[in-house]
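What follows is a set of notes on a single structure, which appears directly below.
Readers should treat all values here as calculations from the given coordinates under stated rules, not as data from a laboratory. Remember, predicted model here, so these are calculated numbers, not experimental data. Neighbour counts run over all protein chains shown; Cβ positions are idealised from the backbone, glycine included.
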Amino acid sequence: MESLINTISSNPVYMAILIIFSILLVYAFVKKIIKLVFVVGILLIVYAVYSNSVGKVAPKSIDELKESVSKEVNKVKEATSESINEVKQSTRKIVEEKVEEKLDQLLGD
């Protein structure tokens, strides 16, 4: 490890490559952070427009926003679980009907 550090620090080409690599790494990290901030900002704006169009008052504080978002998430969870249960029941009925048909074909012959 020490020899690697000595080799890099003694050779200016290796040092330049290391500096360029470090700058690119920092640039990529900053770019991702900025993109994340923009995406979160756009999502908040879309949420505020949606809330306003539905007739809800846009939250004025962070706590109100958290409450509002958690309520909406709970509604989505409930709707999703209901639809999953409906799909399970309909699938169960279809499978039972197909099994009965096959049994009737096998035993009816």
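A few points about this structure:
- For the stretch 13-109, the list of trypsin sites (Lys or Arg not before Pro) that fall in a loop by DSSP and count at most 11 other C-beta atoms within 10 angstrom reads K60.
- Along principal axes, Cα extents of the stretch 59-109, largest first, whole Å: 72, 8, 6
- J(HN,Hα) series, the stretch 92-105, from Karplus relation 6.51 cos²θ - 1.76 cosθ + 1.60, nearest Hz, glycine and proline x: 4, 5, 5, 5, 5, 5, 5, 5, 4, 4, 5, 5, 4, 5
- Here r is the Cβ-Cβ distance between K60 and A28 and R0 is 25 Å; the resulting FRET efficiency, rounded to 0.05, is 0.10.
- Projected-area mean, the stretch 1-58, by convex hull of Cα positions, square nanometres: 5.5 nm²
- Zone of V95's modelled label, taken as backbone nitrogen in the stretch 55-89 under 12 Å from a point 7 Å along Cα→Cβ: 88-89
- For the chain, fraction of C-alpha pairs farther apart than 22 Å, in %: 69 percent
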